[in-house]
Amino acid sequence: MITIALAKGRLAEETMTLLEKLGIDCSEPRSPGRKLVLTDKTGEYSFILVKPSDVPTYVYHGVADIGVAGKDTLMEQNKPICEVLDLGFGRCKLAIAGKPEMRDKQNTSGSWRVATKYPQIARRFYGGRGQTIEIIKLNGSVELGPLVGLSHVILDIVESGSTLRANGLEVFEDVCEVSARLVVNEVSLKTKQAEIRPLIDRISELTKEREEK
Ligand code: PRP
């Protein structure tokens, strides 16, 4: 049996659509009720429903063989798991943003406060250019940071840009592109090779076909 860590939230729909294209029955995870461990009709696959930021943890510990996680989550946690494919969906970017009047003030302040859900990425980004910052870790609604004076800027996900616009903020600079990645437990990749390899190949083909359209 292959156990799949299914992230609840914005990657869920496209992940299940992809699995269904592979012939994996997702009727249980599509209407799970309060259940967290589910199976497909054949009993070949089980699903665990997890928070997106916990996908790498379940895969790293091997309680899930595979999972789908955003590149942002993988970069932040940097866990030793195999990132085998860029799935091409869930495309967005990580960016530095703030109030327009702060744009030119970037990099000049001695105590630059950055609010983010991604403290490690922020540390690496600013550290790479030798800038010392104070990181304020938030767990959501990061855009509030500059609005209430908690931080000078944010480092956050920008997808449509509508959350920034609605709050009078704008992108100052891009940090990196983000998309959904297929991740596999390192041990499972060896011990369940016969099942997992063909799965990766089929997902790779489907992803290529989709990108060519
Ligand atoms: C993310 C991100 C931004 C928003 C960006 O938050 O942190 O707030 O989406 O999307 P947009 O550019 O399309 O507006 P999420 O919806 O995951 O909720 P959160 O604020 O609770 O983290």
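The values are calculated or read from the model by the stated rules, or taken from the named source; none is laboratory data. The structure displayed is predicted, hence computed values, not measured ones. Here the Cβ is made from the backbone with ideal geometry for all residues, glycine too, and neighbour counts use every protein chain on show. Surface areas here come from the heavy atoms of the whole protein model, side chains and all, with no ligands, DNA or RNA. Shrake-Rupley method; radii C 1.70, N 1.55, O 1.52, S 1.80 Å.
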Inset, instruction - Could you list all residues from region 1-52 that are in contact with a strand residue (DSSP E or B) (Cβ under 8 Å, 6 or more places away or on another chain), open to solvent by 50 Å² or more (accessible area, probe 1.4 Å) and among the hydroxyl-bearing types (Ser, Thr, Tyr)? - result: Thr39
Inset, instruction - Check region 137-147 and report whether any residue there is open to solvent by 50 Å² or more (accessible area, probe 1.4 Å), on the phi < 0 side of the Ramachandran plot and more than 14 Å from the ligand (Cβ to nearest atom). - result: no
Legend entry - Set Arg197, Arg202, Arg181: member being surrounded by 15 or more Cβ atoms within 10 Å (Cβ to Cβ) and farther than 16 Å from Met102 by Cα: Arg181
Inset, instruction - Name the single residue, out of those in region 149-175 being part of a loop (DSSP other than H, G, I, E, B) and near the ligand (Cβ under 6 Å from one of its atoms), that is nearest to Leu94 (Cα to Cα). - result: Glu159
Legend entry - In region 149-163, the residues that are closer than 13 Å to Gly98 by Cβ and either surrounded by fewer than 22 Cβ atoms within 10 Å (Cβ to Cβ) or in contact with a helix residue (DSSP H, G or I) (Cβ under 8 Å, 6 or more places away or on another chain) (or both): Gly149, Leu150, Ser151, His152, Val153, Ile154, Leu155, Val158
